[in-house]
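Novice: This is the structure, below, for whatever I ask next.
What follows draws every value from the coordinates through simple rules; no lab data is involved. Computed from a predicted model, the values in this text were never measured in an experiment. Using ideal geometry, Cβ is built from the backbone for each residue, glycine included, and neighbour counts are taken over all protein chains shown.
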Amino acid sequence: MASLLNRFYDPVDGAVLIDGHDLRNLSLQSLSSNIALVDQETFLFNDTVKNNIRYGRPEASDEDVLSAAQQAYATDFIDALPQGYLTRIGDRGLRVSGGQRQRLCIARAILHNAPILILDEATSALDTESESMVQKALANLMKNRTTLVIAHRLSTIMNADRIVVMDQGRIIEEGTHQELLAKSGMYRKLYDMQFKDD
């Protein structure tokens, strides 16, 4: 679904529409300017923290970068870095932790300010403490946006307006968290496995 939305390939049959417009009729530049992606594989560069956040909007002011970092709950760890926002974080961000890398990517997406957001397993590689901080940052990022969340951790999607359960490329269930729990299908099984201690 995310690949279709990004036009990594086009549907063989039917169409993908945004606000009634077939994606095939949009330029790739127009499409990419309206979509932000936060992936489990963080895409960071061997550059400064500031330039990594600013990557999606190079003309952004320092104040905009700072605001995005604040909304992503990233300012504490950035301020603790040797040169703050001017610290080079290494290839793929190897000089910061996994949770810190995710928050930098979230800050980048906040700064990009696209109306459509794709979160692809954005918390899957994090420990519980990091996940909690990243979840807060994601809540800020998702405000007033159409968000497609791809997740196996149900804590990431429980508050979604609509949950679609897929198995082997097919939609098998659809509904809210409460509706899907009541159906006692695949979603309920996943929920029981993940939250059995609760």
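Novice: I need the calculated FRET efficiency for the pair Ala182 and Ala15, taking r as the beta carbon distance and R₀ as 22 Å, to the nearest 0.05. Please list the in-between numbers first.
Specialist: On the way: r = 33 Å, r/R0 = 1.49.
It comes to 0.10.
Novice: Below 11 angstrom from the Cβ of Asp120, what's the summed charge of the other residues (Lys, Arg +1; Asp, Glu -1)?
Specialist: Numbers: positive: none; negative: Asp39, Glu41, Glu121.
Taking every other residue near Asp120 into account, the sum is -3.
Novice: Right, next: If you take the charge dipole of the stretch 158-198 about its Cα centre, with +1 on Lys and Arg Cβ and -1 on Asp and Glu Cβ, which of Val164, Thr176, Gln194 is farthest toward its positive end?
Specialist: Positive-end residue among those listed: Val164.
Novice: Taking amide H positions as placed in the peptide plane 1.01 Å from N, state which residues far from Ile18 in sequence (5 or more) or on other chains have amide H under 5 Å from it.
Specialist: Long-range HN contacts for Ile18: Leu23.
Novice: Next up: If you take the square roots of the eigenvalues of the alpha-carbon gyration tensor of the stretch 31-172 and sort them as a ≥ b ≥ c, do you get rounded (a/c under 1.5), prolate (a/b over b/c) or oblate?
Specialist: Details: a/c = 1.98, a/b = 1.58, b/c = 1.25.
Since a/c reaches 1.5 and a/b is larger than b/c, the shape of the stretch 31-172 is classed as prolate.
Novice: Next up: On a C-alpha basis, how far is the centre of the stretch 1-55 from the centre of the stretch 63-135 in Å? Whole number, if you could?
Specialist: About 19 Å separates the Cα centre of the stretch 1-55 from the one of the stretch 63-135.
Novice: Between Glu174 and Ala80, 0.36 nm times their residue separation minus their Cα-Cα distance comes to what?
Specialist: Numbers: separation 94, 0.36 × 94 = 33.84 nm, distance 4.40 nm.
Extra length from Glu174 to Ala80 when fully extended: 29.4 nm.
Novice: Report, by chain and number, residues whose modeled amide H sits under 5 Å from the one on Ile163, excluding near sequence neighbours (fewer than 5 apart, same chain).
Specialist: When sequence neighbours closer than 5 places are left aside, the close amide H contacts are Gly175, Thr176.
Novice: By its C-alpha gyration tensor, with a ≥ b ≥ c as the square roots of the eigenvalues, how is the stretch 158-198 shaped: rounded for a/c under 1.5, else prolate for a/b larger than b/c, else oblate? Display every interim value, and only then the final one.
Specialist: Details: a/c = 1.92, a/b = 1.33, b/c = 1.45.
Taking the square roots of the gyration eigenvalues as a ≥ b ≥ c, the stretch 158-198 is oblate.
Novice: Using helices alone, I'd like the mean residue ellipticity at 222 nm for the chain: each DSSP H run of four-plus residues gives -39500 (n - 2.57), total over residue count, nearest 500. Present the calculation step by step, with values, prior to reporting the outcome.
Specialist: On the way: 9 runs with 78 residues, N = 198.
That comes out to -11000 deg cm²/dmol.
Novice: List the GluC sites (Glu not before Pro) within the stretch 53-141 that DSSP assigns to loop and that have no more than 16 neighbouring Cβ atoms inside 10 Å. Mind dumping the intermediate values first?
Specialist: Numbers: sites: Glu59, Glu63, Glu121, Glu129, Glu131; in loops: Glu59, Glu121.
When the GluC sites (Glu not before Pro) of the stretch 53-141 are filtered for loop state and at most 16 Cβ neighbours within 10 Å, Glu59, Glu121 remain.
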